[in-house]
Amino acid sequence: MTLDPNTHAHPDAATPCPARPLTPTEARVLGTLMEKARTVPDSYPLTLLMVQAGCNQKTSREPVMQLEEAEVLEALEALKALDLVVEVGGARVPHYEHKVQRALRIPEQSAVLLGLLMLRGPQTAAELRQNGERWYRFADGSSVEAFLEELQARPPERGGALVVKLPRAPGAREARWMHRLCGDPEPTGGAASATVGQAVAAIPARVEALEAEVERLRAQVERLMRELGLSPDGQ
């Protein structure tokens, strides 16, 4: 459903995710608009060049991108078609602002978390709270978790989950979260798990190779000691 910014939909109306998954470039552009609306409100809405500069920042971005002006403009036009961005008139140069909260019907706190996830990739609740200090001050980590869980628990009639909690990595204290605006992550049995499985399977062969190398080095040391007339204990 496309929401008209000049009308108010019924509170029970369905609120879908975007009609299709966003591309990484579109997510970067949208996240940049969401960030600048909160961190540099005096410069917002943004011109095309300002959006491009924000997308290509070297800090607070994962991964770092180097988008061309044409790529950013294409993404902005696509986001306008998805009703997530609007072009603001009244100036010689077009300016752009996001409509995420209105389009997805989510509160400020949830929008902040989505924006951070789009710009910085998967993060723990603690990382999101720390990285979002300039966007919004969450009371504590549990409040971040509560909003993330609410985003994950969105029922299908409201568009379904907007974030997903990833399986906790071995040795990690907390699980990370990622947004679903670009689609679902690799399943647990996907490429990452396959890589781990291959590494585990290779351990016996590596141990055997190391043992063989140790034996070879031990033989060389013993030969050198005999040639030097030394006993094995160095006396």
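The values are calculated or read from the model by the stated rules, or taken from the named source; none is laboratory data. Keep in mind the model is a prediction, meaning the values are calculated, not measured. FYI the Cβ positions are ideal-geometry reconstructions off the backbone, even for glycines, and counts take in every protein chain you see. Accessible surface is based on the protein model in full, side chains and every heavy atom, while ligands, DNA and RNA are left aside. Shrake-Rupley method; radii C 1.70, N 1.55, O 1.52, S 1.80 Å.
Which ³J(HN,Hα) values in Hz, rounded to whole numbers, follow from the phi angles of region 221-228 under the Karplus curve 6.51 cos²θ - 1.76 cosθ + 1.60, where θ = phi - 60° and Gly and Pro get x?
4, 4, 5, 5, 5, 5, 5, 8
Note the full-extension length gain between GLN130 and THR39 as 0.36 nm times their separation in residues minus their Cα-Cα distance, in nm to one decimal.
31.3 nm
Quick check: residue separation of ARG226 and GLU108 times 0.36 nm, minus the Cα distance between them. What number comes out in nm?
Fully extending the segment from ARG226 to GLU108 adds 34.8 nm.
Report LEU224's accessible area, 1.4 Å probe, all protein chains in place, as a number in Å² to the nearest 10.
Per-residue accessible area (LEU224): approximately 90 Å².
In the neighborhood of GLU215, defined by Cβ-to-Cβ distances under 14 Å, what is the net charge if each Lys or Arg adds +1 and each Asp or Glu adds -1?
Once positives and negatives cancel, what remains is -1.
Please give every one of the lysines within straight-line cross-link reach of LYS80, meaning a C-alpha to C-alpha distance under 23 Å, and leave out same-chain neighbours fewer than 8 residues apart.
LYS36, LYS99
Assuming R0 = 30 Å, can you tell me the calculated FRET efficiency for the pair ALA219 and ALA169, based on Cβ-Cβ distance, to the nearest 0.05?
0.15
Taking θ as phi - 60°, what are the ³J(HN,Hα) couplings along region 124-133 by the Karplus curve (6.51, -1.76, 1.60), each to the nearest whole Hz, with x for Gly and Pro?
7, 4, 5, 5, 4, 5, 5, 5, x, 3
Long-range amide H contacts for TYR96: which residues qualify at under 5 Å (H placed 1.01 Å from N, peptide plane, sequence gap of 5 or more or a different chain)?
LEU46, THR47, VAL88
For a quick protection proxy, order the peptides 87-95, 104-112, 116-124, 156-164 by their average other-Cβ count within 10 Å, most packed first.
116-124, 104-112, 156-164, 87-95
When Lys and Arg each count +1 and Asp and Glu each count -1, what net charge do the other residues less than 12 Å away from PRO21, Cβ to Cβ, add up to?
Values: positive: ARG20, ARG180; negative: GLU26, ASP184.
Cβ neighbours under 12 Å give a net charge of 0.
Report the charge-dipole magnitude of region 106-185 in Debye, nearest 20, computed about the Cα centre from +1 at each Lys and Arg Cβ and -1 at each Asp and Glu Cβ.
200
Once neighbouring chains are kept in place and the probe is 1.4 Å, which whole percent of the accessible area of region 106-185 is contributed by carbon and sulfur? Walk me through the numbers on the way to the answer.
On the way: 1900 of 3970 Å².
Carbon with sulfur: 48 percent of the solvent-accessible area.
For region 16-105, what is the accessible area per residue in Å² when the probe is 1.4 Å?
Dividing the accessible area of region 16-105 by its residue count gives 48 Å².
For PHE138, what charge total do you get from the other residues with a beta carbon under 13 Å from its beta carbon, if Lys and Arg give +1 and Asp and Glu give -1?
Combined, the nearby Lys, Arg, Asp and Glu give -2.
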